[in-house]
Amino acid sequence: MRRCFLGFLMMLGLVGTAPAQTLDAVRQRGELRCGVFGQLPGFSAPDLQGRMRGLDADFCRAVAAAVLGDAEQVGFVPASSLEAGLAQVEAGTVDLLSSNMTITAMRDAGRNLTPIGVLLYDGQAVMVRADANVASFAQLDGKRICVAAPEVDGSLGILRNAATRAGITVQPVVTRQSGASLLDGFKDGRCDAVTADAAALATLRVTDLPDPAGAVLLPERLSREPLTPFVRGGDERWRQIVTWTLHALVAAEELEVSSTTLDAALRSDNAEIRFLIGLDRGLGARLGLKDTWAAEAIRQVGNYGEIFERNLGEGSPIGLERGLSDLWRRGGLMYPYPFR
């Protein structure tokens, strides 16, 4: 009688079914399905050999290494827009979305999504021609600025608010394009400047301008853009795994454990290091993983600093400063949860 009554309530939608167990599905499939933008170098874009490269791509690889023991067991699923990527997560088409996407109230509220933490602290910036003699945003009074349409992202509203705060008037040149196409008006002279997230502009400056040195980013940031990966809501175990993988990468950098020093760390007597890399057991079992899950992510992909430097940092073609994405001890905002 009780079983029949519960079945009747489930048909009415009054009792939910058990959430999909993403960890089991990933293991059975033997592959992590990771949603990415796939068209922005430094974050996610294929190289000449077709291998997906970038900060977002490497974070996906770190999760695959933690869960499957192999960073290469990832299938990348590009999404043509921000909304399409979020819909893929909700539908279960991907296990994880890492797509240089800002967490906002409207992207979280009312959706079956869970943000897992900040992968990069960014902010909307403005890029101008180097010979324009413009050193600050306040000097753009009356200037034409290329900006994405509201249905693409929120850059237009942020630009207008920043102009109001600065007491200037700007002329938005609105485009429905994103990525490299955002620069078209800037390159052909229809715009005096272009605005988007700073990391994206730094990437596009290098990859899509014929003379990267001919353009500079102004120092101001017009907004706060915490870029975060997302997982589907309702699977708490999977949220914990992805969240703690991110914090493991940051903690490893803070503890000076890298892909090249991991073997030496195996002899460490530091309690937090030993717990992080699985010498002292406990966390792996609670997550449903091997105790060496974090060690595999670090060994195969690197700590957060290595990943940033390889894809976006000053040693990469993009040459982006760490800024707010640096460790808290160096004046940034990156602060790992404690491993104990």
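Observations, loosely collected:
- Spans of helices (runs of 4 or more DSSP H) in region 247-316 with at least 1 residues farther than 25 Å from PRO41 by Cα: 262-265, 271-276, 283-287, 293-301
- For the residues ARG322, ARG340, the requirement of being open to solvent by 60 Å² or more (accessible area, probe 1.4 Å) and either among the basic types (Lys, Arg) or more than 18 Å from LEU227 (Cβ to Cβ) (or both) singles out ARG340.
- Restricting region 96-113 to residues that are open to solvent by 30 Å² or more (accessible area, probe 1.4 Å) and of a type in the set (S, T, N, Q) leaves a set whose member that is modelled with the lowest pLDDT is THR104.
- Number of positions in region 264-297 that are surrounded by 17 or more Cβ atoms within 10 Å (Cβ to Cβ), in contact (Cβ under 8 Å) with a residue 40 or more places away in the chain and within 10 Å of ALA66 (Cα to Cα): 5
- Only one entry of SER80, SER136 meets the criterion of being under 24 Å from VAL206 (Cα atoms), free of Cβ contacts under 8 Å to residues at least 60 places away in the same chain, open to solvent by 10 Å² or more (accessible area, probe 1.4 Å) and over 15 Å from the mean Cα position of the chain (by Cα), and that entry is SER80.
- Enumeration of residues in region 213-252 that are touching a helix residue (DSSP H, G or I) at 6+ places or on another chain (Cβ under 7 Å), closer than 30 Å to LEU140 by Cβ and open to solvent by less than 40 Å² (accessible area, probe 1.4 Å): GLY214, ALA215, LEU218, LEU222, SER223
- Flag if SER178 is open to solvent by 20 Å² or more (accessible area, probe 1.4 Å) and either modelled with pLDDT under 90 or acidic (Asp, Glu) (or both): yes
- The residue that is surrounded by the most Cβ atoms within 10 Å (Cβ to Cβ), counting only those in region 181-212 that are among the basic types (Lys, Arg) and touching a residue at least 24 places away in the same chain (Cβ under 8 Å), is ARG205.
Residues are listed down the side, and each one gets a yes or a no for (1) of a type outside the set (Asp, Glu); (2) open to solvent by 30 Å² or more (accessible area, probe 1.4 Å); (3) in a strand (DSSP E or B):
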site: VAL94; (1), (2), (3): yes, no, no
site: VAL118; (1), (2), (3): yes, yes, no
site: TYR121; (1), (2), (3): yes, yes, yes
site: ALA125; (1), (2), (3): yes, no, yes
site: LEU156; (1), (2), (3): yes, no, no
site: LEU159; (1), (2), (3): yes, no, no
site: THR164; (1), (2), (3): yes, yes, no
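- Scoring GLY234 on the criteria (1) in contact with a strand residue (DSSP E or B) (Cβ under 9 Å, 6 or more places away or on another chain); (2) closer than 29 Å to GLY123 by Cα; (3) not basic (Lys, Arg) leaves a single failure, condition (2).
The values are calculated or read from the model by the stated rules, or taken from the named source; none is laboratory data. Source: prediction; values computed, not measured. Neighbour counts are summed over all protein chains in view; Cβ atoms, including those assigned to glycine, are modelled from backbone coordinates with ideal geometry. Ligands, DNA and RNA are excluded from the accessible area calculation, which covers all protein heavy atoms including side chains. Shrake-Rupley method; radii C 1.70, N 1.55, O 1.52, S 1.80 Å.
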